[in-house]
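Encoded as C-alpha cells, the structure appears first; notes follow it.
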Amino acid sequence: MKNLLLTTTLLAFTIFGCKQTKQNHVFENKEKTIALTFNLDKNQRPFYTISHKNSIVLDTSYLGIDRSDSNFYSNLSVLNVSEAKTIKDQYTLFHGKQKEITYEAKQYTVSLKNEDDKQLNIVFNVSEDGVAFRYEFPKTSDNSYQIKDEKTTFNLNKNTKSFLQPMSKAKTGWEHTNPSYEEHYDMEIPVNKPSSIKEGWVFPALFNTNQTWIAITETGLNSNYCGSRLQYNNTDEALKITFPQKEEVFTDGALLPESKTPWLTPWRVIAIGDLKTITESTLGTDLADKAINMDTSFIKSGLASWSWALLKDDSVNYDTTKQFIDYASTMQWSYCLIDVNWDTTIGDEKMKALADYARTKDVKLIVWYNSSGDWNTTPYHPKSKLLTHEDRVREFKRMNKLGISGVKIDFFGGDGQSMIAYYHDILKDAADYKLLVNFHGATLPRGWHRTYPHLMTVEAIKGQEFITFFQDIADLQPSHCATLPFTRLSHILLQLLLPD
C-alpha cells in the first residue's frame, strides 16, 4: 500500500508538481477515454496535458498568443472555466472520406485575463476521437491587431516515433515554386529531430507514443489567419506552432495574421486512438466552417482524363484533347482536364468547339490556370488572370461562355495570411459562376471542401506525376504511397494524380 501511494504521488508530481499553481481543470469526452487537464504554471503560463485511457500522450504543452499590442501567454489569470457544453452537428459532404457525418463533443471554455486587463478565451472540444482547441479574442473593436507568434506546443514523449513531411524552403525549386507540400515523409524519426530543410514540418503530422497513435493538424483556416506548421522548440522541448517564411505572401500582402475583433483562430486538431481511428476521423471537416450559401446543383465528383500527366506540354492541343475526351467517354469518366498554355495552343474558338463536342459525349472540361503574380517565375499561362476580383469575374464569365465546367489553379505562393485570403477569394468567386475548383501546387485545404463544396481536389503532395520526372522518386513511391493513408489522407481532401 505504501509503495502504491508513493508511486501515485511521484506520478502526480512528475506530471503536475513542477508546473501547476492552482487547481487542475479536467475536461473529458463523453466516453471518458480522453481527458485534457488545464492549468497555469508558476509564471502564469497556460498549459495542458492529454491522457488517453489513463495514459499520458501529451505532457505539459503550452498555450497562448503574442499579439502586437499585448502579451496573452504569461502572467495570465483565470476569469472563468465553463461547465461542459454538448456540441452536436450533422452535415453532408459532396465528396471526401464520408458522406453523412455526425459530430459530437463536450466543449469547455477557459476565459483568461492578462496584465493589461484584456481577455483571451481558449475553447476546447473533447470528442470520442480527439481534442481540438482554438483561441478567441471576444472583445469587439474596430482596431486591427496582428498576431506575432502563437505559443501553442505539443509535448510528446521523446521515445515517440514520428512520420513527418518537411516544409520546403520558400522561393526554391523549379522556377521558385516552393512551398507546395511536395516533399517525401521522414518515417519513424525522433520527435526532436530537426528537418533537413530547417523549415519545420507540415500538417498532418503522425506520431506513435505509448502504443497510441496521434495525428495533429489544423482546420477552420479563414482569410484572417496564416497557415502554420510545426517546428521543434528546444526551450519548451516540444513541437511548436510556427508561422510562414517571409516570402510566402501575395504581392505586397500580409504575412502574419491580422484582424479586427472579435477574432477566432483556426482549430488545432489532435486525433487520438489506433490507426483505424486516425484514418476514419472526420475532425478536419467536423470543425471546419459550415458550407457557404451557394447553388450546389452543378457539383459532381468524378474521374478525369489528363493528357499532360504522361505526354506533357505538347499534348495540349485540339486533336490530342479530342482523343482524351473520347478516352474519358469510353471509360465513363466525367471530366477531361486540359492543362498548360491552352489559351494559345488551342484558343477560345476551338476550346468552345471542344466543350460542345465533350457535351455530346457526356464529358465536361476542366482548364488550367497559373495563379501566379510575381511570387514565382513560371512561364506557363494563362497567368496573372485571377489576381483581383475584377480579373476573376472577367475570366469566370469567359469560362461560362466557353462551356467550361471547372478550373485547375496552380503554383500558389505559400501560407502567408494574404495568400490564404487569395484562396478564399477564388473559391467565393468561382461559386458565383458555378465552376468546380482544383488547387494544384497548393497548400493544404484544411477542411475547405466542407465550407466550399465545389472545391473538388487539392494536390499538396508529392504526386504520381513526379515519377515521370525522376527515377529516384519512382523508387520511393511504394513506401510513400503506403504512408499517405495515415498522414496526408487522414484529415484532408487529396487530389489523386494518376497517369492516364
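Taking R0 as 45 Å, what FRET efficiency do you get between E390 and Q332 from their Cβ-Cβ distance, rounded to the nearest 0.05?
Computed FRET efficiency for E390 and Q332 comes out at 0.70.
With charges only on Cβ, +1 for K and R and -1 for D and E, what is the dipole size of the range 362-465 about its Cα centre, in debye, rounded to 20?
280
Counting only residues 5 or more places away or on other chains, whose amide H sits under 5 Å from the amide H of V57 once H atoms are built in the peptide plane?
I50, S51, H52
Would you kindly state how much longer the chain becomes between K161 and K397 on full extension, computed as 0.36 nm times their sequence separation minus their alpha carbon distance, in nm to one decimal?
Computed gain between K161 and K397 is 79.9 nm.
Taking a ≥ b ≥ c as the square roots of the eigenvalues of the Cα gyration tensor of the range 18-141, is the shape rounded (a/c under 1.5), prolate (a/b larger than b/c) or oblate?
Judged from the Cα gyration tensor, the range 18-141 comes out oblate (a/c at least 1.5, b/c at or above a/b).
So for the pair K99, N71, with labels modelled 7 Å out along Cα→Cβ, what separation do we get in nm?
Using points 7 Å along Cα→Cβ, the separation is 5.5 nm.
Of the listed pairs K30/K151; K161/K240; K88/K290; K171/K260, which have alpha-carbon separations greater than 21 Å here?
K30/K151; K171/K260
Find out how many positive minus negative residues lie around E390, taking Lys and Arg as positive, Asp and Glu as negative, among other residues whose Cβ is under 15 Å from that of E390.
So the surrounding residues net to +1.
In the chain, with Lys and Arg counted as +1 and Asp and Glu as -1 at Cβ, which of these residues, S384, H25, G253, has the Cα nearest the positive end of the dipole, that is, farthest along it?
Highest projection toward the positive end goes to H25.
In the set [x] 43, 24, 21; [y] 54, 25, 21; [z] 38, 30, 19, which value of semi-axes √(5λ) of the Cα gyration tensor in Å was calculated from the structure you see?
Given [x] 43, 24, 21; [y] 54, 25, 21; [z] 38, 30, 19, the calculated one carries the label [x].
For the chain, give the magnitude of the charge dipole about the Cα centre (Cβ charges: +1 Lys/Arg, -1 Asp/Glu; no others), in debye to the nearest 20.
Here the size comes out at about 1120 debye.
When the helix-only estimate is applied to the chain (DSSP H runs of n ≥ 4, each -39,500 (n - 2.57), divided by the residue count), what is the mean residue ellipticity at 222 nm, nearest 500 deg cm²/dmol?
-6000 deg cm²/dmol
Any idea which of F124, V269, S418 is furthest toward the positive side of the dipole for the chain, if Lys and Arg beta-carbons carry +1 and Asp and Glu beta-carbons -1?
F124
Please grab the % of Cα pairs in the range 85-196 that end up more than 17 Å from each other.
The answer is 76 percent, as a whole percent.
Can you give me the convex hull volume of the Cα atoms of the range 25-287, divided per residue and expressed in Å³?
Once divided by residue count, the hull of the range 25-287 is 145 Å³.
At a 10 angstrom cut-off on C-beta neighbours, averaged per residue, how do the peptides 252-258, 439-445, 342-348, 88-94 rank from highest to lowest?
For the peptides 252-258, 439-445, 342-348, 88-94, the packing ranking is 439-445, 252-258, 342-348, 88-94.
Along each of the three principal axes of the Cα atoms of the range 304-460, give the extent in whole Å, ordering the values from largest to smallest.
Over the range 304-460, Cα extents along the principal axes are 43, 32, 28 Å.
In whole angstrom, how far apart do the alpha carbon centroids of the range 294-339 and the range 364-418 sit?
Using only Cα atoms to place each centre, the spacing works out to 18 Å.
For T360 and L303, what is the calculated FRET efficiency with R₀ set at 25 Å and r taken between the beta-carbons, to the nearest 0.05?
It comes out at approximately 0.85.
Rounded to whole Å, give me the distance from the Cα center of the range 32-51 to that of the range 60-90.
11
Report the one residue of Y318, N341, L287 whose Cα lies farthest in the direction of the positive end of the charge dipole of the range 247-374 (charges on C-beta: Lys and Arg +1, Asp and Glu -1; origin at the Cα centre).
Most positive-ward Cα: L287.
Once amide H atoms are built 1.01 Å from N in the peptide plane, which residues 5 or more positions from K364, or in another chain, come under 5 Å H to H?
Y335, C336
What's the FRET efficiency of S196 with L275 using the Cβ-Cβ distance as r and R₀ = 41 Å, to the nearest 0.05?
Between S196 and L275 the formula returns 0.95.
Based solely on C-alpha atoms, express the radius of gyration and the Dmax of the range 138-232 in angstrom.
Rg, Dmax (Cα atoms, Å): 15.9, 48.
Can you give me the C-alpha center-to-center distance between the range 195-241 and the range 97-144, rounded to a whole angstrom?
Taking the Cα centre of each part, the range 195-241 and the range 97-144 sit 19 Å apart.
Report the Cα-based extents of the range 193-282 along its three principal axes, largest first, to the nearest Å.
Reported extents, whole Å, longest axis first: 46, 31, 23.
Taken together, the values in this text are just the output of simple stated rules run on the coordinates, not laboratory data. Because the structure is predicted, anything quoted here is derived from the model rather than measured. Here the Cβ is made from the backbone with ideal geometry for all residues, glycine too, and neighbour counts use every protein chain on show.
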